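Reading through the structure tokens given below for one structure.
The values are calculated or read from the model by the stated rules, or taken from the named source; none is laboratory data. Please read all numbers here as calculations on a predicted model, not as lab measurements. With ideal geometry, Cβ positions are generated from the backbone for all residues, glycine too; neighbour counts draw on all protein chains shown.
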Amino acid sequence: MNQPQRDTINVELAEIISQQSYPGDQYILRVHAPHIASEAKAGSFVHIQCATSLPMRRPISIMRTEAKTGMVDFLYKAVGEGTRQLAMRQPGEILNLLGPIGKPFQLHKEKNRPLLIGGGVGMPPMIFIAEELKKQRSHYQPLVILGSEVPFPFTTQPSQFILPGIPAEVTATMPLLEEWNIPCRLASLQDYPGVYEGYVTELARLWLNALDEEQRQQVEIFSCGPQPMLKAVAAVAKEFAIPCQVSLEEFMACAVGGCAGCVVEVNSAQGRAMKRVCVDGPVFDANQVF
């Protein structure tokens, strides 16, 4: 159900279809939101009214969409009052969603080896990009690296793909990506079976070092996750002279560019400038923000 537009951002009343819980207070929420499903791009997010008793919405990245059925999936972690309230919502209830919002990731045809790096609740945009790449699998040769310090919100399985530079014992992957024939490896400091014991950037560096110069020139990095991880990803991109786009995570009030509560300082052609993560981002060139 749609309500009138607020300027160019849509307000949609979405029915909760399912809500699955995972260890580490993680949840995958599926809603029926046809407008968002048809308009969202990888990197888009929605501003969710988690409960009618809470006036402040919460920004949550979109993980998957199905335009034909109108389904939208979100992965989130219950860490504060808003997301804890959202975790209590049940199938059949209606959520008030504002979106899709934000500048999405941009794929470039000349860079046919996308490296997608997601950490924690920064994993959803990487899965969204991967699904877009699945449709163009004949052109792109992606690699997805996902990191988490709580159990992954899926049951891992050994991968069929052998990847250059990746230790042979590091085999764990996300089943959905394996189903899409997209190579993926997992990283964590928690000593999970088949998972690389270390940081996502260490795993990325191993893979990049195993490529020859011509192959590295075809790589473009896309990343979303905690700011320390994004800084480390940006450093890897700079080390290998690889273009890199990052999606920033910031607290937001209005999410439509009016309050300037999510402003960050960035480099621009005119020098240092203040940009709003909600509408000028959340995706930025890594060189702009780090």
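Descriptive notes on the structure:
- Selection of strands (runs of 3 or more DSSP E) fully inside the stretch 185-290 by the criterion of at least 1 residues being in contact with a Leu (Cβ under 8 Å, 6 or more places away or on another chain) returns 219-224, 244-247, 263-268, 283-285.
- The stretch 272-285, subset buried (at least 22 other Cβ atoms within 10 Å of the Cβ) and modelled with pLDDT of 85 or more, residue farthest from Val233 (Cα to Cα): Pro282
- Pair list, Cβ under 6 Å, 6 or more apart: the stretch 238-253 residue under 14 Å from Ala286 (Cα atoms) and in contact (Cβ under 8 Å) with a residue 60 or more places away in the chain, other residue acidic (Asp, Glu) and assigned to a strand (DSSP E or B): Pro243/Glu220
- In the condition set (1) in a strand (DSSP E or B); (2) at pLDDT 95 or above, Glu169 is compliant with all but (1).
- Of Pro114, Pro153, Pro125, all but one fail to be more than 22 Å from Gln190 (Cα to Cα), in contact (Cβ under 8 Å) with a residue 12 or more places away in the chain and touching a Gly at 6+ places or on another chain (Cβ under 9 Å); the exception is Pro125.
- Residue within the stretch 47-60 that is farther than 22 Å from Cys262 by Cα and in contact (Cβ under 8 Å) with a residue 60 or more places away in the chain present: no
- The set of residues in the stretch 89-111 being touching a Gly at 6+ places or on another chain (Cβ under 7 Å) and either closer than 29 Å to Asp212 by Cβ or of a type in the set (Gly, Ala, Ser) (or both) consists of Gly102, Phe105.
- Unmet criterion (only one of (1) in a loop (DSSP other than H, G, I, E, B); (2) polar (S, T, N, Q); (3) farther than 16 Å from Ile94 by Cβ) for Ser38: (1)
- Screening the candidates Leu86, Leu163 for the property of being under 21 Å from the mean Cα position of the chain (by Cα) and either of a type outside the set (Val, Ile, Thr) or under 30 Å from His47 (Cβ atoms) (or both) yields one hit, Leu86.
- Here Met63 meets each of (1) in contact with a Pro (Cβ under 6 Å, 6 or more places away or on another chain); (2) under 12 Å from Gly102 (Cα atoms) with one exception, condition (2).
- Residues that are in a strand (DSSP E or B), touching a Pro at 6+ places or on another chain (Cβ under 7 Å) and at pLDDT 95 or above are absent from the stretch 120-134.
- Residue match in the stretch 59-74 (condition: outside the structural domain of Leu146 (by TED's automatic domain parsing), under 14 Å from the mean Cα position of the chain (by Cα), farther than 16 Å from Asn10 by Cα and part of a loop (DSSP other than H, G, I, E, B)): yes
- Number of the condition not met by Arg89 [criteria: (1) modelled with pLDDT of 95 or more; (2) closer than 26 Å to Arg137 by Cα; (3) not in a strand (DSSP E or B); (4) not hydrophobic (A, V, I, L, M, F, W, C)]: (2)
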